[in-house]
Amino acid sequence: MTQPRKISFGKPWITKAECSAVLGVLAGDVLTHGPQAHAFEKEFAEAIGGGHALTLCNGTAALHLAYWQLGIGAGDEVIVPAQSHVATVHAVEVVGARPVFVDCDRATGNITPEVIAAAVTPRTRAIGLVHFVGIPCDMPAIMQIATKHGLKVVEDCALALGTRWDGIHAGLFGDAGTFSFYPVKHITTGDGGMLVTRHVDLAQKISRARAFGVDRTFAERAVPGVYDVLSLGINYRLSDINASIGRQQLKRLSAILERRARNFAALKNGLVDLEHVTVLDITAANQTNSHYCLIAILDGPLAGQRTEIIRRLNAAGVGTSVYYPHPIPRLRYYRDKYGENLSRFPNATRISDQSIALPVGPHLEIDDMAYIAHELTTIARDLTCSKIS
Ligand SMILES: *Cc1c(COP(=O)(O)O)cnc(C)c1O
């Protein structure tokens, strides 16, 4: 008999290095947006292999700044996925633009070049995509559509640290890529975010807009307290306390990604023979999944049994989650505002209603994966038999 375990869905990996980094900042002179934040930006850009990186207070702030500083607003349409974290679309809504929802692909959970092309209208100004749980969107083909129609592209990379297409990191294809350092993401700073862009002019605008629109930083002021304001801005900075944690986390990024890849492969392999259960993943070798979690989709006789399966998995000590519980147009705010015909989003709906997100984080070992696969298999077989008899 297998022993019950305690496998949490997500667990931040905090070491003594993070603790002493924080104490170091607290003992110093600069607590916010100083040397730690600047070093974190430089090291982050190096880790992903390019772009200008800007620390921000969270991933949603990064998305908001991206649309705002790209000049997207009232009267503009932005093509967005029906399946994502609500922040992907809230950012479009907050700047006053209209989100135009498209369904995702059945195998990857991502929006595709085909559905994007079909949704373009004369009002379309941007594409706001997400790399669903770290599986890359087909960026070369999407950028072709964007170029053809003169559209901006914002990549929500909140779960895509380590995601690549043809070896190029997510966030470096479009006009802006946004990352989140919320505790359960690949790396954490407590709360925090990063925006990356290939465009130096956009980087400058965003750098200014994240700090009140002032023309010079604290360190650049010849006379203390004297500055001018060049443009509208807000305060979306990341503190040096948070940034110092991120720098330590970043040092373990390759170890984190390796463990996630190893765990994902083991769990996926453990589920290959399980009927009525499909796993979302990349579809070709030129794609790199960041393996945020493993999405198992329940079909056939298991489709209506998700709540019971989750209950039994949790009872066996397996932490689970749902990414995401509703297609965004089905969330109350969006339903009331746009009243979309939800039958247009069958694949997004299937993920919301029939999937379970299983853990593959670096806090877990290979035998945890064997345990999860064994438990899910036992539960699924039991429920399938009882349904048939
Ligand atoms: C977590 C997440 C966000 C929001 O990031 P915060 O840092 O919590 O603001 C946005 N999009 C996706 C896909 C996410 O997973």
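No lab work stands behind these numbers, since they all come straight from the coordinates. These numbers were taken from a predicted model, which means no experiment stands behind them. Cβ sites come from the backbone with ideal geometry, for glycine too, and all protein chains shown count toward neighbours.
Kindly provide the GluC sites (Glu not before Pro) of region 203-278 that DSSP labels as loop, not H, G, I, E or B, and whose Cβ sees at most 13 other Cβ atoms within 10 Å.
Counting only loop positions with at most 13 other Cβ atoms within 10 Å, the GluC sites (Glu not before Pro) in region 203-278 are Glu275.
For a 27 Å ceiling on Cα separation, which of these pairs sit above it: Lys6/Lys185; Lys42/Lys152; Lys185/Lys251; Lys11/Lys251; Lys205/Lys337?
In this structure, Lys205/Lys337 lie more than 27 Å apart at Cα.
Given Ile116, Met143, Ala66, which one lies farthest toward the positive end of the charge dipole of region 16-251, if we put +1 on the Cβ of every Lys and Arg and -1 on the Cβ of every Asp and Glu?
Result: Ala66, furthest along the dipole toward the positive end.
Region 17-49 to region 83-108: how many Å between their Cα centroids?
Cα centres, region 17-49 to region 83-108: 32 Å.
Note the full-extension length gain between Val214 and Cys385 as 0.36 nm times their separation in residues minus their Cα-Cα distance, in nm to one decimal.
Length difference between fully extended and current span is 54.9 nm.
Quick one: dipole size for the chain, taken about the Cα centre, charges +1 on Lys/Arg Cβ and -1 on Asp/Glu Cβ, in debye to the nearest 20.
Its charge dipole is roughly 400 debye.
Taking every pair of alpha-carbon atoms in region 253-388, what share in percent sits in each 5 Å bin, from 0 to the bin with the longest distance?
2, 10, 18, 20, 18, 14, 10, 6, 2, 0
Summing Lys, Arg as +1 and Asp, Glu as -1, what charge do residues with Cβ under 13 Å from the Cβ of Val153 carry, Val153 excluded?
0
Relative to the longest principal axis of the C-alpha atoms of the chain, give the angle of the C-alpha long axis of helix 59-69, reported between 0 and 90° and rounded to the nearest 10°.
Taking Cα atoms only, the helix is inclined about 50 degrees.
Over 5 Å intervals from 0, what percent of Cα-Cα pairs in region 1-129 sits in each interval?
In whole percents, the pair-distance histogram is 2, 9, 13, 13, 14, 13, 12, 9, 8, 5, 2, 0, 0.
Treating the angle as unsigned and between 0 and 90°, give the value, to the nearest 10°, between the Cα long axis of helix 200-209 and the longest Cα principal axis of the chain.
80
I want the antiparallel fraction of DSSP beta bridges within region 136-242, as a percent rounded to 5.
In region 136-242, DSSP labels about 75 percent of beta bridges as antiparallel.
Measure nothing fancy, just the Cα-based angle from helix 253-271's long axis to the longest principal axis of the chain, in degrees from 0 to 90, nearest 10.
That helix lies at roughly 20 degrees to the long axis.
In a Debye calculation with equal point scatterers on the alpha-carbon sites of the chain and no solvent, what is log10 I(q)/I(0) at q = 0.06, 0.14 Å⁻¹?
For the requested q values the scattering log ratios are -0.24, -1.22.
Check the straight Cα-Cα distances from Lys268 and name the aspartates and glutamates below 18 Å, setting aside those fewer than 8 residues away within the same chain.
Of all the aspartates and glutamates, those that pass the test against Lys268 - Cα under 18 Å, at least 8 places apart if same chain - are Glu258, Asp281, Asp299, Glu365, Asp367, Asp368, Glu375.
What's the FRET efficiency of Tyr227 with His199 using the Cβ-Cβ distance as r and R₀ = 30 Å, to the nearest 0.05?
0.75
Show me the trypsin sites (Lys or Arg not before Pro) within region 1-104 that DSSP assigns to loop and that have at most 12 other Cβ atoms within 10 Å of their Cβ.
Those that pass, being in a loop and sparsely packed, are Lys6.
So what's the back-of-envelope 222 nm ellipticity for the chain, counting only DSSP H runs of four-plus at -39500 (n - 2.57) apiece and dividing by all residues, rounded to 500?
-12000 deg cm²/dmol
Taking the mean number of other Cβ atoms within 10 Å as a proxy for protection, how do you rank 136-148, 278-290 from highest to lowest?
136-148, 278-290
Could you estimate the translational diffusion coefficient of region 142-252 from the Stokes-Einstein equation, with Rh from the Kirkwood formula over C-alpha pairs, at 25 °C and 0.890 mPa s, in whole µm²/s?
Result for D is 154 µm²/s.
Report relative contact order for the chain in percent, whole number only (criteria: Cα-Cα under 8 Å, sequence separation at least 6).
Dividing the mean separation by the residue count of the chain yields 22 percent.
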